[in-house]
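Have a look at the structure below before the remarks.
The values are calculated or read from the model by the stated rules, or taken from the named source; none is laboratory data. All figures in this text were calculated on a predicted structure; none of them were measured in a lab. Because the Cβ atoms are built from the backbone with ideal geometry, glycine has one as well, and the counts that use them run over all protein chains shown. Just the protein is used for accessible areas: all its heavy atoms, side chains included, with ligands, DNA and RNA removed. Shrake-Rupley method; radii C 1.70, N 1.55, O 1.52, S 1.80 Å.
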Amino acid sequence: MASQSYSTLFSGIDTEVELPNGQRVVPINFDNAATTPPLKKVDEFICENIMMYGSVGRGGQKSAYCTHAYEISREEILNFFGVNVEDGYEVIYVKNTTEGINLLANVLCDRNRQKVLTTRMEHHANDLPWREYGNVFYCEVDQEGQLELEELEEKLIRAKGSIEYVSVVGASNVTGYINPIHEIANLAHRYGARCIVDAAQLIAHRAIELKGSRKEQDIDALVFSGHKMYAPFGSGVVIVKREMIEGKRPFLLGGGTVEAVFDDDVYYKPLPYKDEAGTPNFLGAMSILAAMTVLKNIGYEQIETHEERLKRRFIKGLECLPHTMIYGNADNAKRVGVVSFNIEGIYHKDMGTLLQDKRGIAVRTGCFCAQPYVARLLGVTNDERYEYMLDANAKPIGMVRASFGLYNTEEEVDEVLNYIEDIIRSKK
């Protein structure tokens with residue numbers, strides 16, 4: 001499929017928005033790291049299934065249809081990642097990656113303060129839950145924000161087998177760096193830990209296999225959101241080795257989780273049902289399946305080629321502009337299409353507002369829910385950040401982030417670069 005035709009696969013991207021001057025334009029969305037528009041196939045699949053929508057579990061023919069489709073979907077998700085039920089994995093549906101990691105942190109640590117090793121490049125979703133339920137240690141990043149595997153192994157060695165979980169982002173939502181998750185899994189297993197991967201920023205851009213080239217490289221748990229992969233209908237997935245959470249107490253309590261409730265006793269269902277309290281989001285699960293089908297049909301090699309072209313064009317254009325700072329190693333090929341930058345003399349939020357108001361260009365500004373990582377890239381110390389918090393007139397630190405999706409085009413890249421250049425000229 002030619003790259004120019006990818007935009008025809010999506011709903012809503014041609015819908016006009018109104019600018020402050022009253023002009024109506026088709027917007028340019030370079031905020032895909034935050035969320036993505038739906039694929040038309042997803043909309044169609046939901047429309048088909050909504051005609052037979054009923055409660056998953058029991059309650060008539062429609063309920064039976066939904067229950068069957070919901071259970072089959074677990075197998076299809078496993079197949080997407082190259083495994084099946086015989087490999088010992090369970091699929092648990094959640095709202096999003098944040099809820100999924102909270103589920104794992106709560107269930108695995110059970111407030112017993114198990115030692116968890118994570119990194120300073122994490123989204124808050126893969127940091128704060130472990131702080132709450134575990135005893136967290138951090139692997140640092142270098143000056144360009146890249147993970148230092150040597151330090152990760154050193155911390156595992158020094159822990160002498162006491163670290164139980166290594167939880168790491170698959171791809172950064174700030175720099176786009178892709179971490180070597182199977183190599184990290186191998187290190188974790190070598191020193192008696194399990195490897196958990198936050199795949200929210202990786203799922204739409206690169207093929208992911210749960211199995212490594214050998215058993216020691218297998219991923220133990222992986223979490224992702226549908227809304228990051230063109231299925232924004234409120235569903236996410238936890239894939240986890242059954243042995244890790246079997247017999248653990250549920251994350252949420254309520255309907256759907258129990259076999260029997262007595263006056264003074266409760267018996268919970270087996271996996272995965274004990275961890276899916278309440279009425280399941282059937283349509284959200286179906287949307288993820290539909291998106292997976294499209295991505296698989298296009299092929300991740302084609303997706304990577306297209307998005308790499310956009311990323312390189314944008315970085316090259318920024319490098320030609322004056323007073324521009326690009327964060328992270330711009331020459332690192334192992335990056336998804338996420339580019340964070342600043343323009344000297346132009347506050348990041350002002351740049352985002354100007355792009356939005358002048359042309360309907362959506363970018364993200366701020367710290368992208370990764371404050372410790374962004375502060376390191378900006379060279380801002382914790383002491384300085386505390387001072388900023390105490391100063392009512394201080395502006396919060398941050399960056400401008402452009403992030404690309406499958407439907408974006410080189411023409412959009414050029415237009416955004418032109419507007420950035422115009423803003424720089426007008427401010428100088």
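Which of the following residues is closer than 22 Å to Gln146 by Cβ, of a type in the set (Phe, Trp, Tyr) and either open to solvent by 20 Å² or more (accessible area, probe 1.4 Å) or in contact with a Pro (Cβ under 6 Å, 6 or more places away or on another chain) (or both): Tyr347, Tyr327, Tyr388, Tyr373? Just one listed residue meets the conditions, Tyr327. Screening the stretch 297-326 for residues that are aliphatic (A, V, I, L, M) and in a helix (DSSP H, G or I) and picking the one that is nearest to Leu9 (Cα to Cα) gives Ile298. For first residues located in the stretch 369-395 and farther than 16 Å from His123 by Cα, partners that are open to solvent by less than 50 Å² (accessible area, probe 1.4 Å) and assigned to a helix (DSSP H, G or I) and lie 6+ apart or on another chain with Cβ distances below 8 Å form the pairs Thr381/Ala375; Asn382/Ala375; Arg385/Ala375. Taking into account only those residues within the stretch 29-63 that are closer than 19 Å to Ala200 by Cα and of a type in the set (Gly, Ala, Ser), which is surrounded by the fewest Cβ atoms within 10 Å (Cβ to Cβ)? Checked the stretch 29-63; the qualifying residue surrounded by the fewest Cβ atoms within 10 Å (Cβ to Cβ) is Ala34. Listed by first and then second residue, the pairs with beta-carbon distance under 7 Å, at least 6 apart or on different chains, first residue in the stretch 93-122 and touching a residue at least 40 places away in the same chain (Cβ under 8 Å), second polar (S, T, N, Q) and assigned to a strand (DSSP E or B), are Asn96/Ser225; Thr97/Ser225; Gln114/Asn135; Lys115/Asn135; Val116/Asn135; Val116/Ser167; Thr118/Ser167.
Look at Arg214 and say whether it is out of contact with any Ser or Thr (no Cβ under 7 Å at 6 or more places or on another chain) and touching a residue at least 40 places away in the same chain (Cβ under 8 Å). No. A residue that is out of contact with any Pro (no Cβ under 8 Å at 6 or more places or on another chain), among the hydroxyl-bearing types (Ser, Thr, Tyr) and buried (at least 22 other Cβ atoms within 10 Å of the Cβ) occurs nowhere in the stretch 64-84.
Taking the criterion of being assigned to a loop (DSSP other than H, G, I, E, B) and either closer than 15 Å to Gly256 by Cα or not aliphatic (A, V, I, L, M) (or both), the residues of the stretch 48-71 that qualify are Tyr53, Gly54, Ser55, Val56, Gly57, Arg58, Gly59, Gly60.
For the stretch 132-171, a residue qualifies if it is more than 19 Å from Ala221 (Cβ to Cβ) and polar (S, T, N, Q), and the qualifying residues are Gln143, Gln146, Ser162.
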